[in-house]
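Shown next, in structure tokens, is the structure this report addresses.
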Amino acid sequence: MQTVLAQSANAQATQQTLLWSGVLIVIVLAGFVALLLLKRWLDFGGKTAGDSGGFLDELRALRDAGKITEDEYEQTRLRVLSKSSGIPVEELRRRAIEKAGGLVAEPGFDLAGRPLPGGSGSSSGGPGDGHDRTTPPEQEGAGDEERSA
């Protein structure tokens, strides 16, 4: 009789152990999911991913209605994209210009690579410095050779 009671008590203890182990696993998984959701919420500043898209749609509508200028639209759009992507505004602006087929000069230089007037380059870049602003650098010497011939 004692053996039957011992087996019954042992089986009941095993069931309780399994039950509480399952409860503990469910609690740990729920906590993990809650932490993931909290992290996602904090990463987006309390906004869902669709919120920034809605903001850009509203911004575009304001531009199309003429309530903001094209420059205001572009500056705000780049700031929003910079904040959400972590890429600096100037880098986004450079990428947009290049994608549109335009040229981008380094700060302080013109598109031909010459220093801008008052810039930090070695040449003053001002009038009388020997540079024709409409002539690319590789063609500057060609005009001088033709004149001396």
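Worth a mention:
- Residues that are modelled with pLDDT of 65 or more and either among the hydroxyl-bearing types (Ser, Thr, Tyr) or under 19 Å from the mean Cα position of the chain (by Cα) (or both), drawn from the range 32-52: LYS39, ARG40, TRP41, LEU42, ASP43, PHE44
- Here GLY121, GLY101 are screened, and the one residue that is more than 20 Å from LEU59 (Cβ to Cβ), touching a strand residue (DSSP E or B) at 6+ places or on another chain (Cβ under 7 Å), at pLDDT below 80 and of a type outside the set (Ser, Thr, Tyr) is GLY121.
- Within the set LEU92, LEU59, LEU29, LEU78, the sole residue that is in a helix (DSSP H, G or I), loosely packed, with under 13 Cβ neighbours inside 10 Å and modelled with pLDDT of 85 or more turns out to be LEU29.
The values are calculated or read from the model by the stated rules, or taken from the named source; none is laboratory data. Predicted model only: the values in this text are computed from it and were never measured. Glycine gets a Cβ as well: all are built from the backbone with ideal geometry, and neighbour counts include every protein chain shown.
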